[in-house]
Each structure stands twice: as C-alpha cells, then as structure tokens.
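Undergrad: Could you have a look at this structure, given as structure tokens, before my questions?
The values are calculated or read from the model by the stated rules, or taken from the named source; none is laboratory data. In this text, all values refer to a predicted model and were calculated from it rather than measured experimentally. With ideal geometry, Cβ positions are generated from the backbone for all residues, glycine too; neighbour counts draw on all protein chains shown. The protein model used for the area step is the full one, side chains on, heavy atoms only, and it has no ligands, DNA or RNA in it. Shrake-Rupley method; radii C 1.70, N 1.55, O 1.52, S 1.80 Å.
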Amino acid sequence: SFCTLLGFVPTLCRATMLLQAVLMAPGPFYFYPWKAPINHFGGDDYDTGFKHFVTGHRHAVNLALHGVCLFVQLFGNFGLLHAIDQTGVIPQPIAGVPTLTAATAAMWAGYLLVAAPTCPLVVRVASGACIGIAYALAPHVTAAEMDQKAPAAMVAALLVSNYLMAKRRIPVASVIKVVAAMSFWAFGWARVEKLFVDSVSGVIAPANHGLAMGAFGLYLVALGLQRNPLRPLVITGVIFGRLLAAATAYNPLVSLWAYAFQASLFQGITHSAVKEEATLLALERESEERKLRFEWSHVTFFPNLAIHATMKAAGLLK
C-alpha cells in the first residue's frame, strides 16, 4: 500500500492525501516520469483498472468522445513537456532530442507495453503509436489551434458515433447539450478571454510568470489535498488556468497545463450526455487508500483502457 510503502502508520497516514495531490495538481491524465514507478509500487494492476473503466464506458458515443479526449490529453501533455524542454532548464545531451519529452514518451509507451500483459498486444501497440504521434506532432500544434480543432473533433465524433454506429442513440437534447458546450468553447470562450486580457493587460509581466504559475500550482495542490477534489479541481483548473494563460500572453507552459483540466472537463460533459458515471467520480465512494490505488491505475493505463474498451465494444476483441 502507499502508506506502508512510505513507512507511514496506516491509521495516521497522510501520504495518501499527498500522493493524491501529486496525481491531481499537474493534471490527472497527464503522464510524467514519476507516474510509472508510483503506479507500479502503489497502484492497481491493469485488470482492476479495466474492470472499473468498462463499468462507466459502454456506450458508443462515450467511447468515441473519449477517443478524442485521449488525443486532446496526449497533445496537451507532450506540448507541455516540450515547452518545459524549450526553457533550457533540463540538459539536452542529444542534440535535437528534447530530453524530458522523449524520456516520458519512451517510459509511458514502454510501461503500457510491459506492465499490462493481460491487455491485448494490438491495444498496447496502438497506445504506443498514439503516444508516438503526440510526441512528434504536439510541439507543432498551439493551444489556440487546439481550441478550434478539439471541439470540432468532439462534435464530429458525437454525430458519427450516435447516428451511424450506436445501437442505442442518446436523446436529441443530449446531443444539443454537447454541441452547445463545444460551440461555446470554440467561439464564446475566446470573447471571455479577450475581455479579461483587455482588463488586465500588462498586469503579469514575463518576469512574474514563474511566480504566477507557482501560485496556481499551490492552489491546485491545496485542492488535491481535499477528500474528493476532482470536480472543483477540473472546473476551477480550467477557468483559472485559461484566464492565467491569457494574462501571461498565452505562455505555453500555462496554456498547455490548463489543457489537462480542459480534456477532463470534456470527458465530464461526455459522461453527462450518455448518463454513464465517470470512473474517477465513482471511485470517490471508496476508502481513501483504495480510491487512490484505483485512480493511479486509471490515469496511468488510460490509453490502453480507452483503446481496449473501444475495440471490445466494436467486436474487434473478445
């Protein structure tokens, strides 16, 4: 367990809450080099993660939109890692190879391949391919471009999956709800941000960007230490993260960090539309340590879980 692993007395264990904050604050579905070893020693195995995942991901629309969310997460994740590499704070011993980005891609793809032996090989290879695509292309896609392409992809996946693939269609009202949310994000949110930028122009100078990000990070850590932080973390992470990004002239370190919460918000909208409970919300009914083990497994194996469940639902896997 996490508590015994770190030498804490289980009944007085605070390591669980600390590791929850470590999971949530940097973006729960973003992968960083520390995630694989933490999940290996204290998280659940792939079979447990898959059992929880398929419970709340059965409808074709939900699976299709989660496929889009997977790429939003991956592109935001590797865009952020590349932006960190671009700052020069991490040595680059191999010319032209961004150290943190490359190491993270290799570690995640490798972990998904070897740490989930019960997952079909084709799924693990597909996950590695998705990570490879994000590694290669994410540095060339800006947050502003993602703001236009991600909502459009969500709407396209919604319409195709619901009207051409689903055995049971979701109600028209739910379709309108998703389309309205994506339309607001693509068109309305830009106006909100413009008003904000105009009102605080020059307030956060480039020299103070680090302090602003530090304050944002401390706020997210404080939320991550709460009993059930997911809803407030995602909602305020999106709002404050995006507004902070605007105030820092769209510093990619802030913009792409905020995308970690945006993709989670998109997943929440998807679950609401199809009336299937999100896995991380369902886990909130578990005990603290049990919940955390499930959470680490869910987010670490997410590419495998999403692709596996989709292929199984499509009849491509038993």
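Undergrad: Report the dimensions of region 223-318 along its three principal axes from the alpha-carbon atoms, largest first, rounded to Å.
TA: So the extents along the principal axes, rounded to whole Å, are 50, 33, 24.
Undergrad: At 222 nm, what value in deg cm²/dmol follows for the chain if DSSP H runs of at least 4 each add -39500 (n - 2.57) and the sum is divided by all its residues, to the nearest 500?
TA: Result for the chain: -22000 deg cm²/dmol, rounded to the nearest 500.
Undergrad: Per 0.36 nm of contour for each residue apart, how much would the distance between ALA190 and LEU137 grow if the chain were fully extended, relative to their Cα-Cα spacing?
TA: Contour length minus the Cα-Cα distance gives 16.7 nm.
Undergrad: Could you put TRP185, TRP257 in order of accessible surface area, largest first, with the 1.4 Å probe and the full protein assembly present?
TA: TRP257, TRP185
Undergrad: So what are region 100-165's ellipsoid semi-axes, whole angstrom, largest first, if each one is the square root of 5 times an eigenvalue of the alpha-carbon gyration tensor?
TA: With the √(5λ) rule applied to region 100-165, the semi-axes are 26, 20, 7 Å.
Undergrad: Tell me which label goes with the value of Rg and Dmax of the Cα atoms in Å computed from the coordinates here: [x] 19.7, 64; [y] 19.2, 57; [z] 21.8, 75.
TA: [y]
Undergrad: Rounded to a whole number, what % of the accessible area of the chain do carbon and sulfur atoms account for, probe 1.4 Å?
TA: Of all accessible area on the chain, carbon and sulfur atoms account for 69 percent.
Undergrad: Could you compute how much accessible surface SER287 exposes when probed at 1.4 Å, giving the result in Å² to the nearest 10?
TA: Probe radius 1.4 Å; accessible area of SER287 about 70 Å².
Undergrad: Quick one: how many Å² of CYS130 are accessible to a 1.4 Å probe, rounded to 10?
TA: 20
Undergrad: I need the semi-axes of the equivalent ellipsoid of region 171-239: take the C-alpha gyration tensor, multiply each eigenvalue by 5, square-root it, list largest first in whole angstrom.
TA: The equivalent ellipsoid of region 171-239 has semi-axes of 28, 22, 6 Å.
Undergrad: Which length gain, in nm to one decimal place, applies between GLU277 and SER183 when the Cα-Cα distance is subtracted from 0.36 nm times their residue separation?
TA: Additional length available on full extension: 31.5 nm.
Undergrad: To the nearest 0.05, what FRET efficiency results for MET311 and ALA205 with a Förster distance of 30 Å applied to their C-beta separation?
TA: E(calc), rounded to 0.05, equals 0.05.
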